């Protein structure tokens, strides 16, 4: 039997909530703060999980995200399960009747789980706001030419926040669509149609290449974003 509550030394502020502007039916989101330095091998034993062959930091992120996912599954289905790990892949396998997504960044982790009767897929992403210097360097590789043009008059600080939002939205899109299509796509293969407005917290993304018969170039999906503990949190949800 797995332990229901992680030790406070490792994880704090574990809660079910909805930080996005538009509510979604039949899904739940759980987030938590975690302290990587408090991770011990015993925590994996306690929760009957196998630690990944990775750095201490990566192991802490792995455990924190899955503890959020288990809590979200318990809230949605009444049964506390961990998503399984797909062999030779980092794509999680969710319990029958559910779909979901996990993310982590620095000391923040979160997971969203939805009913597969309502949702085909979900993509959740957390990103710490990047520095202005890094934003200037990365912008041409993350933004499409059209997206880049919109930033012409941005200050360095505005560009840093905007680029973080676009980066996170595209990561969420990839997490939502890659398991459905089995096709890899990069930052230049999708575009934010409406400039992300912090006031609305909603936008749309459009594919710039064919991923599958069901997801051709030009397909678009709604997306949401917000801030949580100073980081950008984004979500792409695909209705059935």
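The values are calculated or read from the model by the stated rules, or taken from the named source; none is laboratory data. In this text, all values refer to a predicted model and were calculated from it rather than measured experimentally. Methodologically, a virtual Cβ is constructed for each residue, glycine included, from the backbone with ideal geometry; neighbour enumeration extends over all protein chains shown.
Of all residues in region 62-85, those that are closer than 12 Å to residue 14 by Cβ have Cβ atoms under 7 Å from Cβ atoms of residues that are assigned to a loop (DSSP other than H, G, I, E, B), 6 or more apart or on another chain, in 67/6; 69/82; 69/83; 70/80; 70/81; 70/82; 74/80. Scanning region 119-173 for residues that are over 17 Å from residue 203 (Cα atoms), in contact with a strand residue (DSSP E or B) (Cβ under 6 Å, 6 or more places away or on another chain) and buried (at least 19 other Cβ atoms within 10 Å of the Cβ) yields 119, 121, 127. Restricting attention to region 14-57, the residues that are without any contact (Cβ under 8 Å) to a residue 40 or more places away in the chain and either within 16 Å of the chain's Cα centre (by Cα) or not assigned by TED's automatic domain parsing to the domain that holds residue 112 (or both) total 2.
I'd like to check something: does region 66-89 contain any residue that is over 14 Å from residue 28 (Cβ atoms), assigned by TED's automatic domain parsing to the domain that holds residue 17 and buried (at least 24 other Cβ atoms within 10 Å of the Cβ)? Yes, the conditions are met somewhere in region 66-89.
Any chance you could count how many residues in region 208-236 are within 15 Å of residue 178 (Cβ to Cβ), in contact (Cβ under 8 Å) with a residue 24 or more places away in the chain and either surrounded by 15 or more Cβ atoms within 10 Å (Cβ to Cβ) or not assigned by TED's automatic domain parsing to the domain that holds residue 184 (or both)?
4
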